[in-house]
Amino acid sequence: MELLRVFNNNVVLARRQDGTEVILTGRGLGFQAKPGQKVDDTKIVRVFVPSDGRDPDHMGQLLAEIPPEHVQMVVTAMREAGIEDSSSPTLVLALADHLGFALARARKGDVIEYPLTGEVLHLYPEEYAKALALLNALAPQCDVPLPRAEATAFTLHLVNAGFSGGDLSWTYTMTGVIQQILDVAATGLGVTLDPESISVGRFITHLRYLFVRVRKDEQLRDHVGSVVRSIQEACPQASACAHTIAQLLELRLGDSLSEDEVAYLSLHLARLSAPAPQK
C-alpha cells in the first residue's frame, strides 16, 4: 500500500492497489514515514475502511486525536460483544470518543442520567442488548467502573451508526419523535400498543428508515400501488392518523411527507389496528 498522509506516529492514510483509501493504525507506523513511500505491512495493527462517502482524510484526523488505547479497548470490546463493523471508523470513533469522556466522568464520580432512557429501552431493544454486552466487555479493561447508564449512550451510538450517518443529535431527535408517534398512533387508533408485538416492531423499523429517507431527501414518490391505496381507503381511521403523524413530523423535522410516505404510514397503522389473530 502507498502512504498518502501521516497523521501521527501511529495513524496514517494509505491507498490500496485497487485505489481504495484506508486508515491504518499501528505503533510506529508513521514514524519518519513520508507520503509516496510503501507502507510497512509488518507494523499494521488495524485497517479502517471509511464508508457512506466519508472523507478518509478527515476520519483519519479525528482518529489521530483519540488515545490509541481507547480505540483498542473499543475494538476489543466490540468483538467480544459480537458487534460487527469493528473496522468502521465512524462507529469506532464515536464509541472511543465517548469512552474517553465516560472514563473521565467516572474517575470524578460524576454520573449522567441520560434523557430518553425509557424510550431507548422501548424502541431499540436489540441495540440496547448489544450496548450492555459492550459495557460488560469494556469493564475488565477500565481502571474505574462505568455506570450502567452509559449503555443508553452506547445504544444511541449503535443506532446512529446504522441509520443516521454520524449526527447523534439527529438520533436523539428521532428517538423522541418516534415515541411521540407511537403515542399518537395509540390514541388515534384507540388501541394499546404492545412493544413486543411483531406489528409494532415492524412499525418502529419503518419509522427509523423513514427518518433516514427524510434526512437524505430520498422520500418514496410514485411507488404506491393499488393495494396500498385500497387499504388506505378501506381504513379511514388509519389514514387520518397517518396524516396527523405527517403533520407532527413536519413540525418536528421541518419537512413535509410525500403522499407515498403517508400512504405507507396508513398501511402500517392499519396493521396496528387490526385485531390479533386467535391462538
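What follows draws every value from the coordinates through simple rules; no lab data is involved. Quick caveat: nothing in here was measured; it's all calculated off a predicted structure. Neighbour counts are summed over all protein chains in view; Cβ atoms, including those assigned to glycine, are modelled from backbone coordinates with ideal geometry.
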_Net dipole in debye of region 173-262 [+1 Lys, Arg Cβ; -1 Asp, Glu Cβ; about Cα centre; nearest 20]_ = 160 debye
*Post the alpha-carbon centroid distance, region 1-49 to region 232-256, in whole angstrom.*
50 Å
_Please compute the contact order of region 68-161 in relative form: average sequence separation of alpha-carbon pairs under 8 Å and at least six residues apart, divided by the residue count, as a percent._
37 percent
*Angle in degrees between helix 259-273 and the longest Cα principal axis of the chain, rounded to the nearest 10*: 70 degrees
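Which FRET efficiency value, to the nearest 0.05, do you get for T76 and T117 by plugging their Cβ-Cβ distance into 1/(1 + (r/R0)^6) with R0 = 25 Å? Could the numbers behind the result be given before it?
Values: r = 26 Å, r/R0 = 1.05.
Between T76 and T117 the formula returns 0.45.
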*Would you kindly state how much longer the chain becomes between E84 and L168 on full extension, computed as 0.36 nm times their sequence separation minus their alpha carbon distance, in nm to one decimal?*
28.3 nm
*Can you tell me the relative contact order of the chain? Whole percent, Cα pairs under 8 Å, sequence separation 6 or more.*
11 percent
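At a Förster radius of 41 Å, what calculated FRET efficiency corresponds to the Cβ-Cβ distance of T192 and S256, to the nearest 0.05?
0.85
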*Rank these for me by crowding, K43, K130, going from fewest to most other beta carbons within 10 Å.*
K43, K130
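For C142, C235, C241, what ranking results if the residue with the fewest other Cβ atoms within 10 Å of its Cβ goes first?
The fewest-first ordering by Cβ neighbours comes to C142, C235, C241.
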*asked:* Give me the one-decimal nm value for the distance between modelled label points at V144 and R202, 7 Å along each residue's Cα-to-Cβ direction.
replied: 4.8 nm
*asked:* Defining a contact as two alpha carbons under 8 Å apart and six or more residues distant in sequence, what relative contact order in percent does region 168-273 show?
replied: 35 percent
*Can you give the calculated 222 nm mean residue ellipticity of the chain, where each DSSP H run of n ≥ 4 adds -39,500 (n - 2.57) and the sum is split over every residue, rounded to the nearest 500 deg cm²/dmol?*
-18500 deg cm²/dmol
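Highest mean first, how do 168-174, 254-260, 190-196, 9-15 rank when packing is the count of other Cβ atoms within 10 Å averaged over residues? Intermediate values should be presented prior to the final figure.
Details: 168-174: 18.1, 254-260: 14.7, 190-196: 11.1, 9-15: 21.9.
Result, highest mean first: 9-15, 168-174, 254-260, 190-196.
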*asked:* Please enumerate, by chain and number, the aspartates and glutamates with C-alpha under 14 Å from the C-alpha of K130, excluding those fewer than 8 residues away in the same chain.
replied: E80, E84, D85, E150
*Treat each spin label as a single point 7 Å out from the Cα along the C-beta direction, and report the R213 to R54 distance in nm.*
2.6 nm
*Compute the long axis of helix 150-163 from its Cα atoms, compare it with the longest principal axis of the Cα atoms of the chain, and write down the angle in degrees, 0 to 90, nearest 10.*
80 degrees
*Cα-projected label distance for K38 with R105, points at 7 Å along beta-carbon direction, nm*: 4.8 nm
*asked:* Between 0 and 90 degrees, rounded to the nearest ten: what's the tilt of helix 89-108 against the longest Cα principal axis of the chain?
replied: 80 degrees
